[in-house]
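Can you keep this structure in mind? I'll have questions shortly.
Every number here is computed from the coordinates shown, using simple stated rules; none is lab data. Values in this document were obtained by computation on a predicted structure and should not be read as measured data. Here the Cβ is made from the backbone with ideal geometry for all residues, glycine too, and neighbour counts use every protein chain on show.
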Amino acid sequence: MNNREDIVFSRNTVEFVTVAAEFCAYLERANEIRRKEFVGTMLKILPLLYIKAQMLPWEERVSEDELEDFVTEDSYEVLRITLSELFAEKDAYLDVFVAEMKYSDTPVTKFISEDLADIYQDIKNFVCLFQLGINETMHDAIVECGNHFKSYWGQTLVNTLRALHELEYNCNNDDEEEEELYQNEEF
C-alpha cells in the first residue's frame, strides 16, 4: 500500500467516514424527528464529528482537478427549510465568532438550520466522493474536507453546538406543549 492508500483506509479516516455518513443520514430524516430528539442527537453526533475531523491526516492534494459537488442548491435549500421548520422560533441565535463581528458592536444573528445545512453540504460532498471508491479522489476528498474543517465548518460546528446546548439545557422550552402536540398528531 502506498502512502495515499494508507491515509484513505486508515482507522481515523474510516471512523470519520462512518460518523459523517451517520450525520448526513440523520439530517436527511429531520422531517421525521421531533425537535427535542433531534437536538439531543445533534449534541452527541456533532462533538464526535468534530473529534473525528481533528484526527484526519493533514496532507496535500494529489490532483489539481476540481472535486465534484453532489449537494445542489435545491437540495441544500430543502434541507435548510426542513431544519428551519423543525427549529421554528428557536432557530435564531446570537453569534460573536463570525467575521462580520469585527465591524459591529452587536452580535450577529445566525440560524441553527443554516449552520447545519452548511456543515451537511461539505460533509455530504465528502461522503459522496468517498463512495466513488477511487483512491485519488478519496484522498483529495479527505484533504479538502479537512481544509474546510479548519477554515469554516469546524468553527460553525462549535458555534452551532453552543446554540443547541442552550436550546437543550437553558431555554425555557415548551417541551410539554411540544410533547402534547406530538401526541395529538396523526402519522
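In the P(r) worked out for the stretch 9-95, what percent of Cα pairs fall beyond 15 Å? Mind showing how you got there, number by number?
Numbers: 2609 of 3741 pairs.
Looking at the stretch 9-95, the distances longer than 15 Å represent 70 percent of pairs.
What list of ³J(HN,Hα) couplings, whole Hz, do you get for the stretch 87-93 from phi and the Karplus terms 6.51, -1.76, 1.60, once you set θ to phi - 60° and write x for glycine and proline?
7, 6, 5, 9, 6, 7, 8
When a footprinting reagent is the concern and you count Cβ atoms within 10 Å, what order do Trp153, Trp58 take, fewest first? Walk me through the numbers before you get to the answer.
Values: Trp153 22, Trp58 10.
Fewest-to-most Cβ neighbours within 10 Å comes out as Trp58, Trp153.
May I ask you to sort Tyr169, Tyr120 by Cβ crowding, counting other Cβ atoms within 10 Å and putting the fewest first? Display every interim value, and only then the final one.
On the way: Tyr169 10, Tyr120 25.
Listed from fewest to most nearby Cβ atoms, that is Tyr169, Tyr120.
Compute the relative contact order of the stretch 3-184 as a whole-number percentage, counting only Cα pairs closer than 8 Å that sit 6 or more residues apart in sequence.
Numbers: 182 pairs, mean separation 57.5, N = 182.
This gives 32 percent for the stretch 3-184.
The stretch 12-113: which GluC sites (Glu not before Pro) are DSSP loop and have at most 10 other beta-carbon atoms within 10 angstrom? Don't skip to the answer; put the middle values down first.
Working: sites: Glu15, Glu22, Glu28, Glu32, Glu37, Glu59, Glu60, Glu64, Glu66, Glu68, Glu73, Glu77, Glu85, Glu89, Glu100; in loops: Glu59, Glu60, Glu64, Glu66, Glu68.
Listed in order of number, the matching sites are Glu60, Glu64, Glu66.
OK, next. Stretched out fully, how many nm does the piece from Glu37 to Leu94 gain, at 0.36 nm a residue minus the Cα gap?
Details: separation 57, 0.36 × 57 = 20.52 nm, distance 2.28 nm.
Here the segment from Glu37 to Leu94 would lengthen by 18.2 nm.
In terms of Cα to Cα distance under 28 Å, which lysines are near enough to Lys150, apart from those fewer than 8 places away along the same chain?
In chain and number order, the partners are Lys44, Lys52, Lys90, Lys102, Lys110, Lys124.
Could I ask something else about it? Bin width 5 Å, origin at 0, all Cα-Cα pairs of the stretch 3-184: what percent of pairs per bin?
1, 8, 16, 19, 18, 14, 11, 7, 4, 2, 1, 0
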